[in-house]
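The values are calculated or read from the model by the stated rules, or taken from the named source; none is laboratory data. Just so it is clear, the structure is predicted and the values come from calculations on it, not from any experiment. Every residue, glycine as well, gets a Cβ built from its backbone with ideal geometry; the counts of neighbours run over all protein chains shown. Areas reflect the complete protein model, heavy atoms only, side chains present, ligands, DNA and RNA absent. Shrake-Rupley method; radii C 1.70, N 1.55, O 1.52, S 1.80 Å.
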Amino acid sequence: MKFSKSIKMKTLVCLFFATLLFAACKKEQQSTHYSDIVTNGEMEAELTAPPLVPKPIGKRSAMKLKVNMEIKEQEGTMTDGVKYMYWTFGGSVPGSFIRTRVGDEVEFHLKNHPDNKLPHNIDLHAVTGPGGGATSSLVAPGHEKVFSFKVINPGLYVYHCATAPVGMHIANGMYGLILVEPEGGLPPVDKEYYVMQGDFYTQGEYGEKGLQPFDMNKAVKETPDYVVFNGKVGSMTNGNELTAKVGETVRLFVGNGGPNLVSSFHVIGEIFDNVHVEGGNLINKNVQTTLIPAGGSAIVDFKVETPGNFIIVDHSIFRAFNKGALGILKVEGAENKKIYSGTIQEGIYLPEGGTIQKMPITATAKTVNPKRTVAERVKIGKEIFSTTCFACHQSEGQGIPNAFPPLAKSDYLNADSKRAIKTILHGLSGEVLVNGIKYNNIMPSQNLSDDEIANVMTYIYNSWGNNKTEVTPEMVKALR
Ligand SMILES: [Cu+2]
């Protein structure tokens with residue numbers, strides 16, 4: 001009995017190894033096949049800055065592809081009033097998008113601009129070789145290094161600088177994507193975009209003005225002030241939205257440069273029809289959120305069926321609303337009520353015992369009340385309005401009949417600024433008369449600092465035909 005059992009075991013073990021061997025041969029066959037592809041001719045690679053990608057490669061045969069990439073250390077804008085010294089591949093963060101096909105032989109020319117301060121190199125995850133190219137590409141300012149490699153694995157790959165301290169070079173924006181198309185190309189789509197997440201560490205807090213130097217301690221602790229798409233806050237909002245028309249299929253080449261965080265990539269109001277998981281061959285379907293590791297990627301595509309603004313986020317959601325990881329895909333076209341009805345009815349819902357809801361008061365702890373001009377207050381106030389008040393009072397302050405009173409040309413608002421400030425500070429309930437119409441609903445008290453209330457109120461008073469009152473933090477403080 002024992003004897004026959006051990007024979008069975010041996011057969012099993014043999015079988016196991018035979019399978020492994022077979023699998024190994026198969027893998028070898030595949031990459032031999034790709035590395036055996038003969039190149040035919042030579043061309044210069046088209047390089048693009050985000051959110052654009054070069055034209056699809058499709059059916060072109062493998063070629064010798066020349067990539068001319070210039071490293072530039074340059075000051076740029078992180079968000080309004082905040083500057084950052086970016087280190088870039090090709091002058092953008094993320095760096096230029098490189099598009100190749102399997103079998104291409106890439107001749108890489110890495111140039112370090114003479115005005116730069118530091119040596120750099122490049123590690124491309126699409127390279128099969130030591131350091132992904134880093135060992136052959138270290139280049140001093142005012143120099144150029146050339147090396148070449150054959151792309152033998154289709155997929156979407158991250159590239160980054162790998163010069164010590166590596167984390168710092170990546171944190172300053174030295175990353176990008178290189179696509180290796182499979183033979184015959186990717187299925188055609190209507191729109192293609194390049195989106196890459198990164199986390200940034202600055203000496204000042206989020207939004208603190210001026211040129212902000214890199215903060216090594218925060219980077220080591222992995223506590224970024226900014227988590228953004230395409231190198232800055234607002235890279236895909238306020239006139240820079242990605243666009244598509246109803247009925248089109250959109251493909252996003254998404255990367256995550258890190259250096260630290262993993263992205264929970266999500267488009268609000270869309271479902272990815274296809275996801276090339278981790279940028280490889282495996283295709284998952286009908287995905288809500290796809291995980292993109294630091295130094296990794298995903299290719300997602302989806303058909304847009306309804307018009308509207310689709311918000312692109314890292315679903316670790318404080319990053320989206322408080323650190324910058326938010327973009328917009330703007331879809332235009334005819335509505336499709338079968339797929340999305342819009343609001344059918346709006347009524348008032350007051351649960352039993354409904355009273356003014358209190359948010360935990362933490363904002364008051366911030367006591368700094370900076371001096372600002374009216375124009376500055378209006379600008380900042382507009383942002384506060386569009387995140388805090390707009391859901392109820394609507395984008396043009398027009399309110400919603402029977403539910404939320406208007407702020408545009410509101411006699412209630414214009415008659416008494418102290419009363420209006422108290423409304424924000426303490427909430428409001430019971431019957432109010434605004435422009436001759438009765439409202440009897442509840443406005444929750446808002447958890448905002450004196451400065452924030454001053455800004456949002458100044459914005460409201462200076463918009464939509466109101467009386468241009470300036471509200472200062474001192475006025476708010478006196479009523480708190
Ligand atoms: Cu570098």
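Given +1 at the Cβ of Lys and Arg, -1 at the Cβ of Asp and Glu and no other charges, the dipole of the chain around its Cα centre is 920 debye to the nearest 20.
Using R0 = 22 Å, the C-beta based FRET efficiency linking HIS113 and SER316 works out to 0.05. Accessible surface ranking for MET216, MET443, MET475, MET236, 1.4 angstrom probe, highest first: MET216, MET475, MET443, MET236.
In loop segments of region 53-91 as defined by DSSP, the trypsin sites (Lys or Arg not before Pro) with at most 10 further C-beta atoms inside 10 Å of their C-beta are LYS59.
Which length gain, in nm to one decimal place, applies between THR223 and SER35 when the Cα-Cα distance is subtracted from 0.36 nm times their residue separation?
On the way: separation 188, 0.36 × 188 = 67.68 nm, distance 4.23 nm.
So the chain would gain 63.4 nm between THR223 and SER35.
Taking 28 Å as the limit for the C-alpha separation, the pairs LYS285/LYS323; LYS191/LYS232; LYS209/LYS477 exceed it in the case of LYS285/LYS323.
Annotation for MET85 and GLU248: the two label points, set 7 Å from Cα along the Cα-Cβ direction, are 4.0 nm apart.
Only beta bridges with both residues in the chain are counted; by DSSP, about 70 percent of them are antiparallel.
Based on the alpha-carbon gyration tensor of region 224-296 and its eigenvalue square roots a ≥ b ≥ c, which shape applies: rounded if a/c is under 1.5, prolate if not and a/b is larger than b/c, or oblate? Note, shape of region 224-296 comes out oblate. Pairs spanning more than 21 Å between alpha-carbon atoms, out of LYS66/LYS111; LYS72/LYS145; LYS337/LYS382; LYS72/LYS379; LYS83/LYS117: LYS337/LYS382; LYS72/LYS379.
Here the calculated FRET efficiency for ASN309 and ALA478, from their Cβ-Cβ distance with R0 = 41 Å, stands at 0.60, rounded to the nearest 0.05.
What is the gain in length, in nm to one decimal, between LYS468 and GLU332 on full extension, counting 0.36 nm per residue of separation less the C-alpha to C-alpha distance?
Going from the current span to full extension adds 45.5 nm.
With a simple spin-label model that places each label point 7 Å from the Cα along the Cα-to-Cβ direction, the separation between ASN440 and VAL262 comes to 5.3 nm. Distance between the modelled labels on VAL166 and GLN288, one decimal in nanometres: 3.5 nm (7 Å Cα→Cβ projection). For the chain, what does the helix formula give at 222 nm: sum of -39500 (n - 2.57) over DSSP H segments with n ≥ 4, over the residue count, nearest 500 deg cm²/dmol? Here the helix-only value at 222 nm equals -6500 deg cm²/dmol. For the pair ASN68 and ASP273, the difference between a 0.36 nm per residue extended length and the Cα-Cα distance amounts to 70.3 nm. Summary value for the chain: 10 percent relative contact order, contacts being C-alpha pairs under 8 angstrom separated by 6+ residues.
What a 1.4 Å probe finds exposed on the chain is 57% carbon and sulfur by accessible area, rounded to a whole percent.
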